[in-house]
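The numbers here are math on the coordinates, done by the rules we state, and not lab data. Bear in mind that the values here come from a model prediction, so they are computed numbers and not experimental data. FYI the Cβ positions are ideal-geometry reconstructions off the backbone, even for glycines, and counts take in every protein chain you see.
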């Protein structure tokens with residue numbers, strides 16, 4: 001971002017998180033900007049994946065929202081990383097903000113377990129090797145439009161009536177509910 005905003009050719013950029021090794025001063029006419037090493041978050045999908053799989057989850061272009069209109073019990077499988085069960089949807093709008101290379105597979109919740117058993121690691125990729133523990137979280141919902149944020153992957157914006165949300169996946173990846181950003 002600094003390279004694009006301030007037209008600084010001396011900076012190198014990387015799709016991988018946490019690659020800035022030292023403080024870098026960027027002199028501007030009226031101020032100095034410092035690029036600093038960030039923090040590695042151990043609760044992020046980006047820390048748990050290898051380099052080849054990072055190419056699938058780190059956006060390379062502007063994120064294009066994917067919109068679903070949901071009714072009944074629906075499941076979104078986010079690659080082979082997370083499964084989000086949306087229970088009791090009544091004409092609920094669901095907008096997904098993830099890398100365009102990460103497959104989001106929509107299915108009826110009643111068929112989701114079979115989908116995972118048959119396609120995990122093939123259609124549902126990437127996976128975190130030896131980490132799929134089906135750690136189930138029942139999220140506390142807000143009474144308004146809200147986001148389900150999955151650290152290191154992206155988020156899902158829910159707008160409309162819904163009874164419950166269950167998220168299954170690697171317990172090392174944090175999932176939170178927040179007021180909708182958009």
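Rank 87, 32, 156 by mean-square fluctuation in a GNM of the chain with C-alpha springs under 10 angstrom and give only the top-ranked residue. Evaluated over the chain, the most mobile residue of the options is 32. Going by neighbour counts of Cβ atoms within 10 Å, the residues 49, 81, 115, 21 line up, fewest first, as 21, 115, 49, 81. For the pair residue 134 and residue 118, label points projected 7 Å from Cα toward Cβ lie 1.7 nm apart. Remark: 100, 51 ranked as 51, 100, counting other beta-carbon atoms within 10 Å and listing the fewest first.
Considering only 34, 97, 120, the Gaussian network model of the chain with Cα springs below 10 Å gives its largest mean-square fluctuation to 34. With N the number of residues in the chain, Rg(Cα) / (2.2 N^0.38 Å) evaluates to 1.16.
Simple spin-label estimate for residue 93 and residue 142 gives 1.5 nm between the two label positions (7 Å along the Cα-to-Cβ direction from each Cα).
Go ahead and run the numbers for FRET between residue 24 and residue 61, Cβ-Cβ distance against an R0 of 25 Å, rounding to 0.05. My answer for the efficiency is 0.50.
The helix-only estimate of mean residue ellipticity at 222 nm for the chain, built from DSSP H runs of length n ≥ 4 each weighted as -39500 (n - 2.57), is -3500 deg cm²/dmol after division by the residue total.
For residue 33 and residue 180, compute 0.36 nm times the residue count separating them, minus their Cα-Cα distance, and round to one decimal in nm. Write down the numbers at each step before the final one.
On the way: separation 147, 0.36 × 147 = 52.92 nm, distance 3.05 nm.
Fully extending the segment from residue 33 to residue 180 adds 49.9 nm.
By the beta-carbon count within 10 Å of each Cβ, the least crowded to most crowded order of 62, 83, 178, fewest first, is 62, 178, 83.
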